[in-house]
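Have a look at the structure below, then the notes.
The values are calculated or read from the model by the stated rules, or taken from the named source; none is laboratory data. As the structure is a computational prediction, the values presented were derived from the model and not from experiment. Backbone-built Cβ (ideal geometry, glycine too); neighbour counts: all protein chains shown. Each accessible area value is taken on the protein alone, full model and side chains, heavy atoms only, with ligands, DNA and RNA left out. Shrake-Rupley method; radii C 1.70, N 1.55, O 1.52, S 1.80 Å.
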Amino acid sequence: MNGSSLRLLCLDSSWLAACLALDRRALDGFWSEAQWQRELAEPNRICLGLVNEAELRGFVCGWLVVDELQITALAVDPDHRQIGCGGRLLRALLTRAQQQGARRATLEVAADNAAARALYAAEGFKTAGCRSRYYSDGRDALIQWLELPPGTGRCD
Ligand SMILES: CC(C)(COP(=O)(O)OP(=O)(O)OC[C@H]1O[C@@H](n2cnc3c(N)ncnc32)[C@H](O)[C@@H]1OP(=O)(O)O)[C@@H](O)C(=O)NCCC(=O)NCCS
């Protein structure tokens, strides 16, 4: 299936079980159930999903802190990668945050995560620094930044 036929929506608490299941499948259990509950409930956090009927294919989450979007999670189901879902989710989050006043976006990515690094570079993110041995398995994290000038008409 082409990713463009999937529906983009704001995830709320009714998607908790689906988020947990996809998190385990795509990110090896990045967040606990309590963390997902908070992520889906708090108003200053934005969580978007791509859905085929009731099946969650991907999610992206971020926090808006004043004018800075901190992107905290992005994952696509392993069976549905490289058909445009990750890019669509990321652009939708940037657009939503920009509409709410974001002027820059930041995130951390593992230095050896070639797929995610290529995606962020394609969307204009620049590497601004490195956190050495940031992850529990000893991998380095690269800090990524993107400027979002006011009025930029990025679209989904
Ligand atoms: C990173 C991830 C979200 C990408 O999702 P996706 O749906 O496959 O991405 P897209 O199909 O939208 O690809 C967009 C761009 O990303 C890059 N990309 C995606 N997968 C890639 C891969 N395996 N190798 C190299 N580049 C890749 C390409 O630049 C691609 O553009 P192109 O198709 O024009 O070449 C997905 O691989 C994933 O869920 N990975 C595991 C979780 C993860 O690492 N999350 C990021 C944490 S910081």
Any residue that is open to solvent by 60 Å² or more (accessible area, probe 1.4 Å), among the acidic types (Asp, Glu) and either within 16 Å of the ligand (Cβ to nearest atom) or in contact (Cβ under 8 Å) with a residue 12 or more places away in the chain (or both) - is there at least one of those in the range 77-84? yes
Residue 131 being crowded, with 16+ Cβ neighbours inside 10 Å and under 22 Å from residue 30 (Cβ atoms): no
Within the range 85-100, restricting to residues that are more than 16 Å from the ligand (Cβ to nearest atom) and open to solvent by less than 30 Å² (accessible area, probe 1.4 Å), the one that is nearest to residue 28 (Cα to Cα) is 97
Could you tell me how many of the residues in the range 45-76 are open to solvent by 70 Å² or more (accessible area, probe 1.4 Å) and not charged (D, E, K, R)? 3
